[in-house]
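Working notes, beginning with the structure itself.
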Amino acid sequence: MEPLRSIPPPGRPGPPEAESPRAALELARLLRDAGYASPRIQERLGTGDELLARSPELPSYLRRLGDADELAVLLRLLLLGVPVDRARVDGHVGGELRGRLESANFLVHDGEVVHGAARLVPHDELLIASDHAAAAETHADHVPGVHRPSVALAHLTVRRGGERALDLCAGNGIQAILLAAHAEHVVATDVNERALAYTRLNAALNGVDNVETRAGSFFEPLDGERFDLVVANPPYVVSPETAYLFRDGGMRGDGVSELVVRGIPQMLAPGAFACVLIAWALDPDDPAERPRTWLEGSGCDAFLLHTSTDDPIETATLWNRELVDRPEAYADALDRWLAYYRELGIERLGYACLVLRRRLESGEAAAAGWVEALQLPRQALRPAGRHVARLFETHDHLAGDAAGQALLRRRLRVADEAVVSRDSRFHAGRWHAQAPTIRLEAGLPFTAELDPPTARLLAELDGSRTLEEALAGAVVEGDDTRAEGLDLARRMLEIGFLELADEDAP
Ligand SMILES: C[S@@+](CC[C@H](N)C(=O)[O-])C[C@H]1O[C@@H](n2cnc3c(N)ncnc32)[C@H](O)[C@@H]1O
């Protein structure tokens with residue numbers, strides 16, 4: 001009978017380890033040659049979804065997959081965490097690939113069955129190994145795969161070339177590996193040695209040789225060093241537990257986010273960026289208040305890219321999903337988490353990617369950094385690092401022009417990524433045109449409805465006129481409406497619907 005859920009290997013195998021960087025690369029090549037890559041896997045499992053999290057669809061996947069060919073056997077072992085008869089492994093998995101998997105300890109033998117020692121998931125061009133999800137329930141040092149927050153962080157990171165980069169709380173090493181193409185040397189830290197073993201394995205599988213791993217808590221392994229780029233996905237969840245290192249930082253309330261946000265500015269070289277995922281106790285009257293306080297006197301400018309606001313039940317549900325098939329434990333956990341939030345007086349939790357940029361100045365000028373909060377759309381994120389860098393550049397450009405007098409003299413145009421469209425709805429026997437919308441097809445997925453005056457103004461902004469001329473052309477008359485038009489143009493410029501079209505544009 002087919003298993004209903006993943007079955008962990010007996011004992012607890014350590015993370016696989018290749019004999020040499022060359023052996024790891026060769027193993028990755030052989031896996032890809034066997035079809036172990038996203039498009040083939042999605043086709044075989046009949047899913048268009050990303051292969052990110054533990055799947056409740058296992059029974060359906062197994063029936064679709066069968067176990068009578070090489071890729072099916074590999075996927076059972078390494079993606080789905082399901083044991084396979086030894087005879088099937090020997091019969092289907094090519095000798096060279098089998099040998100490489102064996103010598104890197106990817107296979108665990110248990111009598112007549114074989115288990116995959118780790119989970120292996122393709123993400124675009126990368127192969128990322130982690131612990132199988134089924135093992136999570138019992139081990140605090142469980143190393144998860146790449147999850148939605150990791151992908152969001154990867155998409156929002158401003159990756160500028162530089163000598164030294166830091167991945168704080170590296171886990172399986174995905175961020176460090178992505179940084180490695182943009183820095184000469186990457187330092188990856190984690191308190192969990194098991195995570196660092198995966199970081200090394202994943203670096204090797206992906207042909208990355210400039211990642212150095214260092215064990216220790218948060219900033220401990222960093223001795224006053226400065227970096228040109230810092231990325232951090234710390235255990236930011238506000239939780240009453242200490243069950244998992246990857247989730248529970250073991251500090252009260254939003255203490256982990258505060259510690260990391262207060263510590264990172266000292267790690268940054270002048271002009272360097274940092275991108276860090278955070279959670280905080282959010283006050284609906286001033287949502288950005290706590291992160292802003294943490295940044296006072298930091299010497300950094302910052303965009304708080306606010307991804308979501310959850311109530312306590314949403315947060316407790318999201319972070320205890322692994323218990324859904326154990327209803328009593330699940331209900332107990334929800335009660336524990338909700339009691340904790342009540343005790344701390346937390347009614348809302350904010351989640352964001354905080355992007356910091358160390359000021360070039362020092363002293364008082366540096367201390368006067370600004371913090372802007374920007375609510376990100378709910379849509380799935382996509383690569384947006386360049387857009388995030390542009391937010392800072394545009395902000396710099398507009399600084400010192402609060403009244404917009406200089407902006408009025410600038411030529412603006414609609415950004416290349418912006419698309420304007422108008423939907424129609426069929427209702428009561430006829431078509432009704434809806435208000436036009438503008439959306440960005442690349443970068444941050446902003447979208448907005450266009451009212452008639454805004455649509456007229458946009459039509460005028462083709463890069464040939466100054467904003468002042470465009471406002472006149474769009475028949476925005478009177479001081480108030482002109483001020484509104486100016487304010488509108490400024491906001492559209494800030495988030496990227498518009499861009500400066502003259503020579504000294506950023
Ligand atoms: C959410 S995971 C991040 C994984 C990975 N960087 C990513 O983006 O997918 C958080 C990581 O923080 C590590 N961690 C937990 N407590 C820590 C501490 N005190 N110091 C350093 N790392 C810690 C965990 O071991 C875990 O690997």
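The values are calculated or read from the model by the stated rules, or taken from the named source; none is laboratory data. From a predicted model like this one, the values you see are computed outputs, not experimental measurements. Note that each Cβ is placed from the backbone with ideal geometry, even for glycine, and that neighbours are counted across all protein chains shown. The area values use the complete protein model at the heavy-atom level, side chains included, leaving out ligands, DNA and RNA. Shrake-Rupley method; radii C 1.70, N 1.55, O 1.52, S 1.80 Å.
Just a few scattered comments:
- Of all residues in the range 1-24, those being open to solvent by less than 40 Å² (accessible area, probe 1.4 Å), hydrophobic (A, V, I, L, M, F, W, C) and under 29 Å from the mean Cα position of the chain (by Cα) number 2.
- Residues that are surrounded by 15 or more Cβ atoms within 10 Å (Cβ to Cβ), in a loop (DSSP other than H, G, I, E, B) and among the hydroxyl-bearing types (S, T, Y), drawn from the range 200-253: S239, Y244
- Among the residues making up the range 396-415, those that are at negative phi and open to solvent by less than 30 Å² (accessible area, probe 1.4 Å) are L398, D401, L407, L408, L412, A415.
- Residues that are under 19 Å from E220 (Cα atoms) and of a type in the set (V, I, T) were ranked within the range 150-188; the one that is surrounded by the most Cβ atoms within 10 Å (Cβ to Cβ) is V186.
- From T189, T213, T157, residue being among the hydroxyl-bearing types (S, T, Y), within 9 Å of the ligand (Cβ to nearest atom) and in contact (Cβ under 8 Å) with a residue 12 or more places away in the chain: T189
Residues checked against (1) of a type in the set (D, E, K, R); (2) more than 13 Å from the ligand (Cβ to nearest atom); (3) under 18 Å from the mean Cα position of the chain (by Cα):
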residue	(1), (2), (3)
G161	no, yes, no
R164	yes, yes, no
C169	no, no, yes
I174	no, no, yes
L178	no, no, yes
A181	no, yes, yes
E193	yes, no, no
L196	no, no, no
T199	no, no, yes
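- Reported count of residues in the range 220-255, each being over 25 Å from H139 (Cβ atoms) and either more than 23 Å from the chain's Cα centre (by Cα) or near the ligand (Cβ under 8 Å from one of its atoms) (or both), is 6.
- Residue selection: R425 satisfies the criterion of being open to solvent by 80 Å² or more (accessible area, probe 1.4 Å), in contact with a strand residue (DSSP E or B) (Cβ under 6 Å, 6 or more places away or on another chain) and over 22 Å from A470 (Cα atoms).
- Test result for A418, at pLDDT 90 or above, at negative phi and surrounded by 19 or more Cβ atoms within 10 Å (Cβ to Cβ): yes
- Checking A272, A281 one by one, the residue that is touching a residue at least 12 places away in the same chain (Cβ under 8 Å), more than 14 Å from the ligand (Cβ to nearest atom) and closer than 28 Å to A329 by Cα is A281 and no other.
- Among the residues making up the range 189-199, a single one is among the hydrophobic types (A, V, I, L, M, F, W, C), open to solvent by 10 Å² or more (accessible area, probe 1.4 Å) and part of a helix (DSSP H, G or I): A197.
- The single condition among (1) open to solvent by 40 Å² or more (accessible area, probe 1.4 Å); (2) of a type outside the set (V, I, T); (3) more than 20 Å from E393 (Cα to Cα) that G350 does not satisfy is (1).
- Counted residues, the range 431-476 - those being charged (D, E, K, R) and closer than 30 Å to G385 by Cβ: 4
- Near pairs, Cβ below 9 angstrom, 6+ apart or cross-chain, from the range 452-477 (at pLDDT below 90) to any residue that is among the hydroxyl-bearing types (S, T, Y) and loosely packed, with under 14 Cβ neighbours inside 10 Å: none
- Scanning the range 135-149 for residues that are of a type in the set (D, E, K, R) and more than 9 Å from the ligand (Cβ to nearest atom), we see that the one that is modelled with the lowest pLDDT is E137.
- Test: L356 is part of a helix (DSSP H, G or I), open to solvent by less than 40 Å² (accessible area, probe 1.4 Å) and not basic (K, R): no
- Count of residues meeting criterion [farther than 21 Å from E322 by Cα and surrounded by 17 or more Cβ atoms within 10 Å (Cβ to Cβ)] in the range 334-347: 1
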